[in-house]
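S.K.: Pasting a structure here, questions to come.
Since every read-out is calculated from the coordinates, none of them should be taken as a lab result. What you see is a predicted model; the values in this text were computed from it and never measured. Every residue, glycine among them, receives a Cβ derived from its backbone with ideal geometry; neighbour counts consider all protein chains shown.
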């Protein structure tokens, strides 16, 4: 009887083990992705990058019938979020939703980085780009870009601009270089403080993303003299492009992209890239971004890689010409 009980217990253990093993094997045999995906965002909730992450996360979840978790890890010049992504298993289930700041600008303004924005990541796709408004106080004597440029040439370094991040400092210096003028940059803690500086007439002008300044321009609380996109925005049809305003070849965007660790297997990276690209091409995605004053950027891993490298080269060149001291 005792031996029978022992044999029966052993048989049950074997049966459970075999069933468990079969279940685990079956789960792992399912095609990628077969469980939840995490989007790591280097900025707080409510930011433009966070909005993109949540939109694409929702659409991706609907496509794969798996949860997509948004995890915000702001601070540290995006280093915190990046290290979390690079330290996670490189299996395609941890995605970095980053902007031009960590993926291009940091390479121009830091002497050294704890990551390589090109070598450490495998691009998936571009998500969106956001144009910028050139704004001045509502009572400014400048009614167009030409008048401001003329004053800056007449009195170099007397006009000043504000910037809330290194990216917008570089965009402002690109304007200086394109217009062949010299003005003084004043750092502020983020776009909201910079907007306040313009409204209170503490600075002469600012270049800010359209989502931060559009409603103020519509209400007349600031004057928008130009927009940094190739075409006018349908949300602000009376605001000329910078090129129309006389600054030839000046275009500048903030942008958001998706990438995974460079160690991610090619098959998983390709599958995820295809899904993200498909979302970017949806009509509702175009409508979502147009309502924000932004636009989708189409193209898979190859085009994203080429674009990122061109952006790094551009901002390095601008930083060098502006003699911006690296951090």
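S.K.: Using a 10 angstrom cutoff on alpha carbons, build the Gaussian network for the chain and name the most mobile of 102, 31, 45.
M.R.: Comparing 102, 31, 45 in a Gaussian network model of the chain, the most mobile one is 31.
S.K.: Taking Rh as the Kirkwood radius computed over C-alpha pairs, what is the Stokes-Einstein D of the stretch 177-327 at 20 °C in a medium of viscosity 1.002 mPa s, expressed in µm² per second?
M.R.: For the chosen part, D equals 118 µm²/s.
S.K.: How many nm separate the modelled label positions at residue 325 and residue 113, each set 7 Å beyond the Cα in the direction of the Cβ?
M.R.: It works out to 2.2 nm between the two label points.
S.K.: From Cα pairs below 8 angstrom and at least 6 apart in sequence, can you work out the relative contact order of the chain, rounded to a whole percent?
M.R.: Taking the mean separation of contacting Cα pairs over the length of the chain, I get 25 percent.
S.K.: Can you tell me the 0 to 90 degree angle between the C-alpha axis of helix 166-179 and the longest principal axis of the chain, rounded to 10?
M.R.: 40 degrees
S.K.: Under 20 Å from a point 7 Å along the Cα-to-Cβ line of residue 218: which residues of the stretch 271-286 have their amide N that close?
M.R.: Under 20 Å, as judged by backbone N against the label point of residue 218, lie 285-286 of the stretch 271-286.
S.K.: At 222 nm, what helix-only mean residue ellipticity would the chain give, in deg cm²/dmol to the nearest 500, using -39500 (n - 2.57) for each DSSP H run of four or more?
M.R.: Taken over the chain, the calculation gives -14000 deg cm²/dmol.
S.K.: Additional query: What distance in nm separates the two pseudo spin-label positions at residue 71 and residue 155, each 7 Å out from Cα along the beta-carbon direction?
M.R.: 5.3 nm
S.K.: Could you check how many percent of all C-alpha pairs in the stretch 131-227 are farther apart than 20 Å?
M.R.: 25 percent
S.K.: Comparing 289, 188, 161, which has the greatest mean-square fluctuation in the GNM of the chain with Cα pairs linked when under 10 Å apart?
M.R.: Result: 188 has the largest fluctuation of those listed.
S.K.: In whole Å, what is the distance between the alpha-carbon centres of the stretch 153-197 and the stretch 236-289?
M.R.: Centre-to-centre (Cα) distance: 25 Å.
S.K.: Please find the FRET efficiency linking residue 144 to residue 83, where r is the Cβ-Cβ separation and R0 is fixed at 35 Å, and quote it to the nearest 0.05.
M.R.: My answer for the efficiency is 0.15.
S.K.: Mind jotting down the three principal axis lengths of the chain based on Cα atoms? Whole angstrom, largest first.
M.R.: Its Cα atoms span 105, 40, 34 Å along the three principal axes.
S.K.: Could you work out the relative contact order of the stretch 131-227, using alpha carbon pairs under 8 angstrom and six or more residues apart, expressed as a whole percent?
M.R.: 48 percent
S.K.: While we're here: Please give the FRET efficiency for residue 230 paired with residue 35, using the beta carbon to beta carbon distance and R0 = 30 Å, rounded to the nearest 0.05.
M.R.: The value I calculate is 0.15.
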